[in-house]
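The values are calculated or read from the model by the stated rules, or taken from the named source; none is laboratory data. Since we're looking at a predicted model, the values are computed, not measured. Neighbour counts are summed over all protein chains in view; Cβ atoms, including those assigned to glycine, are modelled from backbone coordinates with ideal geometry.
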Amino acid sequence: MPRLRLATPADLPALRRLIDDSVRGLSVGYYSTPQIESALVHLFGPDSQLIADATYYVIEHESDGLVAAGGWSRRRTTHGGDQAKEADDPLLDPAHDAARIRAFFVQPGWARRGLARQLFETCAGEAAKAGFRRLELVSTLPGEPLYRALGFVEVERLVAPLPDGAGIQVVRMVRQ
């Protein structure tokens with residue numbers, strides 16, 4: 001039986017493998033192979049600040065290891081791993097700002113089993129306890145149907161630029 005727990009720094013190597021597997025397996029048909037590989041180098045990866053803030057969770061299976069991960073943030077960054085950060089990541093004000101839903105990844109063989117929904121419910125509950133009344137995220141195209149099903153609405157579509165000239169289409173979404 002998979003169990004949900006807070007991520008720790010010791011999870012970073014397994015998180016990198018989970019993210020690579022998830023992006024390569026679940027992005028096919030949405031992004032080209034060059035886009036996927038570029039995004040894995042420049043955009044997708046663990047955000048160690050989420051782990052330090054104790055707002056990032058993993059779902060672990062005793063024989064399969066980490067099968068899903070996702071979190072929320074009280075910081076300004078909307079997406080991207082450590083390699084995508086260039087500046088400070090200031091705290092948000094729950095009275096005015098939306099908490100960020102961040103970095104959801106699922107092993108392809110474990111997709112569509114309710115793990116992302118379980119992670120989301122945990123994150124939304126914790127964000128509400130911290131005083132946030134709105135949630136915001138930047139979704140990849142494969143994640144968009146999940147977030148729509150969770151009550152998020154599209155604000156805008158944009159291209160997340162990558163340093164090598166590639167870019168991937170993403171969707172900024174909000175939920176009250």
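Quick notes on this structure:
- Consider the stretch 126-149 and keep the residues that are among the charged types (D, E, K, R) and part of a helix (DSSP H, G or I). The one that is farthest from the chain's Cα centre (by Cα) is Lys129.
- Within the stretch 128-176, restricting attention to residues that are touching a Lys or Arg at 6+ places or on another chain (Cβ under 6 Å) and under 21 Å from Arg112 (Cα atoms), the residue that is surrounded by the fewest Cβ atoms within 10 Å (Cβ to Cβ) is Gly151.
- Residue check, Pro108 within 19 Å of Gly45 (Cα to Cα) and more than 12 Å from the chain's Cα centre (by Cα): yes
- Subset of the stretch 53-103 (residues that are of a type in the set (Ser, Thr, Tyr) and either modelled with pLDDT under 95 or on the phi > 0 side of the Ramachandran plot (or both)): Ser63, Thr77, Thr78
- Test: residue in the stretch 6-24 that is touching a Leu at 6+ places or on another chain (Cβ under 8 Å) and outside any helix (DSSP H, G or I): yes
- Among the residues of the stretch 76-125, those that are of a type outside the set (A, V, I, L, M), buried (at least 19 other Cβ atoms within 10 Å of the Cβ) and assigned to a helix (DSSP H, G or I) comprise Trp110, Phe120, Cys123.
- Boolean, Ser63 is closer than 24 Å to Ala10 by Cα, crowded, with 19+ Cβ neighbours inside 10 Å and out of contact with any Phe, Trp or Tyr (no Cβ under 8 Å at 6 or more places or on another chain): no
- Residue check, Leu115 touching a residue at least 12 places away in the same chain (Cβ under 8 Å) and under 16 Å from the mean Cα position of the chain (by Cα): yes
- Within the stretch 1-27, residues that are closer than 15 Å to Arg113 by Cβ and among the hydroxyl-bearing types (Ser, Thr, Tyr) sit with their Cβ atoms under 7 Å from residues that are at pLDDT 95 or above and part of a strand (DSSP E or B), at 6+ positions apart or across chains, in these pairs: Ser22/Phe105; Ser22/Val106.
- Trp72 falls short on exactly one of the conditions (1) crowded, with 18+ Cβ neighbours inside 10 Å; (2) of a type outside the set (Asp, Glu); (3) not in a strand (DSSP E or B), and that condition is (3).
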